[in-house]
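See structure below.
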2 protein chains.
Amino acid sequence: MAQFRLFPTLALVFSLLLGCTGKSTSKKKPDYALVIHGGAGTILKKNMSEEEEKAYRDALEAALQTGEEVLASGGSSVDAVVAVITLMEDSPLFNAGKGAVFTHEGKNELDASLMNGKDLNVGAIAGVTRIKNPIQLARKVMENSEHVFFARDGAEAFALEQGMELMDPSYFYTDRRWQGLQRALEKEKSQKSATTEPQIPDSKFGTVGCVALDKNGNLAAGTSTGGMTNKRFGRIGDSPIIGAGTYANNNSCAVSATGHGEFFIRNMVAYDIAAMMSYQSMPVAQAAEAAIEKVGKMNATGGVIVLDGNGNIAMPFNTEGMYRGYIIAGEKPVIKIYKE
Amino acid sequence: MAQFRLFPTLALVFSLLLGCTGKSTSKKKPDYALVIHGGAGTILKKNMSEEEEKAYRDALEAALQTGEEVLASGGSSVDAVVAVITLMEDSPLFNAGKGAVFTHEGKNELDASLMNGKDLNVGAIAGVTRIKNPIQLARKVMENSEHVFFARDGAEAFALEQGMELMDPSYFYTDRRWQGLQRALEKEKSQKSATTEPQIPDSKFGTVGCVALDKNGNLAAGTSTGGMTNKRFGRIGDSPIIGAGTYANNNSCAVSATGHGEFFIRNMVAYDIAAMMSYQSMPVAQAAEAAIEKVGKMNATGGVIVLDGNGNIAMPFNTEGMYRGYIIAGEKPVIKIYKE
């Protein structure tokens, strides 16, 4: 009997170790699972006060708990992803919703996308300035429109027609992000060309994302972001682009990405992971790492969270850290911030 | 000696036959090659007057000739794609540039994207209303910006900063497209919900695209469109989405798509073809047909043009017709409209 009790314990230890390094777990399919990220970047323990770290850990824990409640009670993976991202959008800590960064013109322009792995339905929006929870608008696009991607004032007109409340844009003001813009503008002044991207570390990070597997075996993925500090010209990054920042397909995996969006678009990161799994039978961890490696070869940084239909998880990134965590049915939630 | 002369002839006949059915050619790598499309849809010979058919054939021939001149004189695949699409945008026949369809509000909102297969650099714009040649703006985004995708008024601000001329929106007025919108609006009135897409045949087709292989072995792809008649809410289709409507990679292929954009986004059609070629060593024709089959399984229609680094071409579609053609160095140009 002893060996039967030892086995699950060893399997758990083994899978947690693998989880830490972004490798896949390798046990029995769990009832449900959910993975989140709150952005990748130069996140170093030495730069973080205890209070800051606790605030992030608390926010990530609350997000996981929200997701677990939905999934444990039989909610769909889409329900879980939307509930989790809504919570993260409402936190000022992440670059999405309330905590969104400012554009060059001092506005907050939000992007989000959502994909249902069961039927490959998708919804995406870019450049909205008055939507409290962009992920909820992405869901309305997915469910109530024959189109899948709306931009800017058009997306807000659709939101109004759907009965959504439009916020005063001042809702998105946070002092921290405003100061971030001022630093970027200062930096820009000292550079030659106004169109050159200011090299402020992490000015392009902080996106939130969630992937989930529900009790019915359906996968879903969602991503929400304020984009890049000091962005201009209605810049669209990878977060609202299906196949780049977000992808879900019951036959392969669910993915949400964070990082230097332009390179995630050029490499089609989210769909590429699914394609390697589908066409080369690659396991989650190997596919996710291969995709981040391609991005790295272009000297770009970021990370992804990936979940397959068997509950295998990968969370690779090539930055100093990535706010991340996961729950697997019947296990304790796991939260991580730094490279470990 | 006779057999040596017979062989190339047979090979040519064989490859033309294959070309007709969307299969790949199978001969020596040509010096250069270029493929174009002017949209897929319910294009039936019985509905087309001789004059109309001649107008389309002439426009396609002029486009191929323009591309051939660029490539034969050693120009890059990007140069060729931009020159060809510029010409097609200037024609009122296609749903791109001058001939763009009208939105619900009676405007013309143009999308375009461009990808360089050599370095995977990309440029894309969505929803511009005053840019004569959206493909040229996409090129400026690709070459002169660290970002890759700009939307609407933002994209136009970038164009101005790049010294491009902004047109009066009235430039895009054509009576044919205006009547198309009126028919769509009438149809919509008789439907229950204003957000339901009007079922006007081909109201979502006519996109133009070009893929090219230059003498240096570099691939490029571009797509330009006015989108869907009566579109609303800043709707973005697949044409400006890298991986959906456009993709190019020297290691696999160059793709431009046309059709019901929402489904091309959900299936990541352009990148999916490249992925099947890269990860499953699938030949061009097989990969292109597999991708169109997936779209068809969702009851959606459209087509793609695909070209690999060896000059193999595929042009599959699941509609009644697709305006299309190609040139292969040293051969006569081929132009086709209907299913054959």
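The values are calculated or read from the model by the stated rules, or taken from the named source; none is laboratory data. None of the values given here were measured: they were computed from a predicted structure. Positions of Cβ are backbone-derived with ideal geometry, glycine not excepted, and every protein chain shown enters the neighbour counts. Accessible surface is based on the protein model in full, side chains and every heavy atom, while ligands, DNA and RNA are left aside. Shrake-Rupley method; radii C 1.70, N 1.55, O 1.52, S 1.80 Å.
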Compactness summary of segment A:41-81: radius of gyration and Dmax from Cα atoms, Å, are 14.1, 41
Site residue A:143, offset 7 angstrom along Cα→Cβ, radius 19 Å on amide nitrogen, limited to segment A:72-116, gives A:72-90, A:112-116
Here the relative contact order (percent) of chain A, from C-alpha pairs under 8 Å and at least 6 apart, is 26
Copies of residue A:338 compared via label points 7 Å along Cα→Cβ give distances in nm, shortest first, of 7.2
If R0 = 25 Å, then residue B:280 and residue B:42, at their Cβ-Cβ distance, give a FRET efficiency to the nearest 0.05 of 0.15
For segment B:115-127, in residue order, the Karplus 3J(HN,Hα) values (coefficients 6.51, -1.76, 1.60; θ = phi - 60°; whole Hz; Gly and Pro = x) are 9, 9, x, 6, 10, 6, 6, 9, x, 8, 9, 9, x
For residue A:189, counting only aspartates and glutamates whose alpha-carbon sits under 12 Å away and dropping same-chain residues fewer than eight positions off, the answer is A:197
Measuring from its Cα centre, the protein assembly as shown shows a charge dipole (+1 at each Lys and Arg Cβ, -1 at each Asp and Glu Cβ) which, in debye to the nearest 20, is 1020
Taking the label point 7 Å from Cα along the Cα-Cβ vector, the copy-to-copy distances for residue B:146, listed from shortest in nm with one decimal, are 4.2
Rounded to 0.05, the calculated FRET efficiency for the beta carbons of residue A:161 and residue A:72 at R₀ = 25 Å is 0.15
When the charge dipole of the protein assembly as shown is computed with +1 at the Cβ of Lys and Arg and -1 at the Cβ of Asp and Glu, the Cα pointing farthest to the positive end, of B:236, B:151, B:321, is that of B:321
Here, residue B:52 and residue A:57, labelled 7 Å along Cα→Cβ, have an inter-label distance in nm of 7.0
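Could you work out the longest stretch of chain B that avoids the trypsin sites (Lys or Arg not before Pro) located in DSSP loops with at most 12 other Cβ atoms within 10 Å? Before the final figure, lay out each step's value.
On the way: sites that count: B:28, B:192.
Value returned for the longest uninterrupted segment is B:29-191.
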Chain B accessible area per residue, 1.4 Å probe, protein heavy atoms, integer Å², reads 37
With the full set of protein chains present, the residues of segment A:231-261 whose 1.4 Å probe accessible area falls by 10 Å² or more relative to the chain alone are A:232, A:233, A:234, A:235, A:236, A:241, A:242, A:247
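Once you charge only the Cβ atoms, +1 for Lys and Arg and -1 for Asp and Glu, what is the size of the charge dipole of chain B about its Cα centre, to the nearest 20 debye?
820
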Calc'd 3J(HN,Hα), segment A:306-318, phi into Karplus 6.51 cos²θ - 1.76 cosθ + 1.60 (θ = phi - 60°), Hz, glycine/Pro = x, comes to 9, 9, 9, x, 9, x, 6, 10, 9, 9, x, 7, 10
Quick calc: nm separation of the 7 Å Cα→Cβ label points for residue A:187 and residue A:105 -> 2.3
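Hey, got the dipole for segment B:66-155? About the Cα centre, +1 on K and R Cβ, -1 on D and E Cβ, debye to the nearest 20? The partial results should precede the final answer.
Working: 8 positive and 12 negative charges, 40 e Å.
Approximately 200 debye in magnitude.
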Carbon plus sulfur, as percent of the 1.4 Å-probe accessible area of the protein assembly as shown, comes to 53
Residue ranges of DSSP H helices in chain B that stretch 30 Å or more (Cα, own long axis) and have mean Kyte-Doolittle hydropathy of at least -1.0 are B:50-72
Of the residues B:310, B:273, B:250, the Cα lying farthest along the dipole of chain B towards its positive end, which is defined by charges on the beta carbon of Lys, Arg, Asp and Glu, belongs to B:273
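With solvent modelled as a 1.4 Å probe, how much accessible area in total do chains B and A shield from it at their shared surface, in Å² to the nearest 100? List each step's numbers first, then the result.
Numbers: alone 14590 and 14550 Å², together 25190 Å².
Heavy-atom accessible area buried at this interface is about 3900 Å².
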Checked against the positive end of the charge dipole of segment A:17-338 (+1 on Cβ of Lys and Arg, -1 on Cβ of Asp and Glu, about the Cα centre), the farthest of A:138, A:295, A:102 is A:295
